[in-house]
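As C-alpha cells, the structure follows; a few thoughts come after it.
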Amino acid sequence: MNLILLGPPGAGKGTQAQRLMAHYGIPQLSTGEMLRAAVAEGSDLGKQAKSIMEAGDLVPDGLMIQLISQRIGREDCANGFILDGFPRTTAQAEALDAMLAERELQLDKVIAISVDEEALIERISGRFSCTDCGTGYHDSFKPPAVEGVCDECGGKNFERRKDDNRETVQARLQTYHQQTAPIIPYYDADGRLARVDGMAEIRAVGDAVLALL
Ligand code: AP5
Ligand code: MG
C-alpha cells in the first residue's frame, strides 16, 4: 500500500501516519523528520535546510526528490510506505509519479486532511514529542496517559519543534497555500484523491482514513 498524507501544517499528517504504520506495518516517510534529523546531525543537507525550515519556506525540490527517491528504494518500503510531507510542490508530485513508474509501483491513495486555520495554530502551539522515540503528543488533545512519561517507550524527555512558534507557523501556512495546495487538483483530476475532515477527534479521523483504504 503506497499512500500520501496531504494537508497543511498541524493537520494531523504525522499523527495519522503513526496509526497507519501500526495498522499496515509499513513505514512513515516524513520528510520533515528526515530534515530535522539531518539538522541535528549537522550533515550538508541539514546545513542547507536549517535556516529555510526556521523561516517556514520549502527546501529546494531537487534535494527533496533525491532524498525520497533514495528512501523508497530501501528494503523496509518493499510492502509500501506512507508519505508524510512529500510531495509539497507540483515539481515534487511529477517527480514522484516518474519515480513510481520507473519502479512499476502505484499510488493507492492521496488523502487530503482539511482543518480550519485557527485549529491548526492551536494544534501546533500545543504540540510536543518524545525525545527518545518521537511519539507525538498535544498538551490538551493528546497528553501522555501518565504526565511526563511517554506512553510508547516510557521515556521522560520531551521536546518542542523550533518552527512551532506563531510567526513561523504563519509563514508555513502561507507556503502551504501558495505552493502545496495547488497539487490537490493534480491528484483530484485522475481520481487518486480522497478528502477527510480533519476537524474530528484523532481516533475518528483515523477511522475515516481506514474506511477509505
Ligand atoms: P513537516 O515536518 O512536514 O511539517 P508540516 O507540514 O508543517 O506539518 P506538521 O508536522 O507541523 O503537522 P502534521 O500535519 O504532521 O500534524 P501533527 O500530526 O503533528 O515539515 C517541516 C518543514 O520541513 C517545512 O516547513 C519545510 O521547511 C521542510 N520540508 C518538509 N518536507 C518538505 C518537502 N517535501 N519539500 C520542501 N521542504 C520540506 O498534529 C499536530 C498536533 O495536533 C499534534 O500535537 C497532535 O497531537 C494534534 N492533533 C492531530 N490530530 C488532531 C485532531 N484530529 N484533533 C486534535 N488534535 C490533533
Ligand atoms: Mg508532521
When you scan the range 21-35, do you find a residue that is more than 13 Å from ligand 2 (Cβ to nearest atom), under 15 Å from the mean Cα position of the chain (by Cα) and free of Cβ contacts under 8 Å to residues at least 60 places away in the same chain, even just one?
yes
Among (1) loosely packed, with under 14 Cβ neighbours inside 10 Å; (2) not in a loop (DSSP other than H, G, I, E, B), the one test that Leu63 misses:
(1)
Scan the range 70-123 for residues that are at negative phi, open to solvent by 80 Å² or more (accessible area, probe 1.4 Å) and more than 16 Å from ligand 1 (Cβ to nearest atom) and jot them down.
Arg74, Glu75, Ala78, Asn79, Glu102, Arg103, Gln106
Checking the conditions here, which among Gly46, Gly10 is within 15 Å of ligand 2 (Cβ to nearest atom) and open to solvent by less than 40 Å² (accessible area, probe 1.4 Å)?
Gly10
Looking at (1) more than 16 Å from ligand 2 (Cβ to nearest atom); (2) open to solvent by 80 Å² or more (accessible area, probe 1.4 Å), which is the only condition Leu213 fails?
(2)
Please specify each residue of the range 19-35 satisfying the condition of being within 12 Å of ligand 1 (Cβ to nearest atom) and either open to solvent by 60 Å² or more (accessible area, probe 1.4 Å) or in contact with a His (Cβ under 9 Å, 6 or more places away or on another chain) (or both).
Arg19, Glu33
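The values are calculated or read from the model by the stated rules, or taken from the named source; none is laboratory data. Model, not experiment: these values are computed from the prediction. In this analysis, Cβ positions are derived from the backbone assuming ideal geometry, glycine residues included, and neighbour counts consider all displayed protein chains. The protein model used for the area step is the full one, side chains on, heavy atoms only, and it has no ligands, DNA or RNA in it. Shrake-Rupley method; radii C 1.70, N 1.55, O 1.52, S 1.80 Å.
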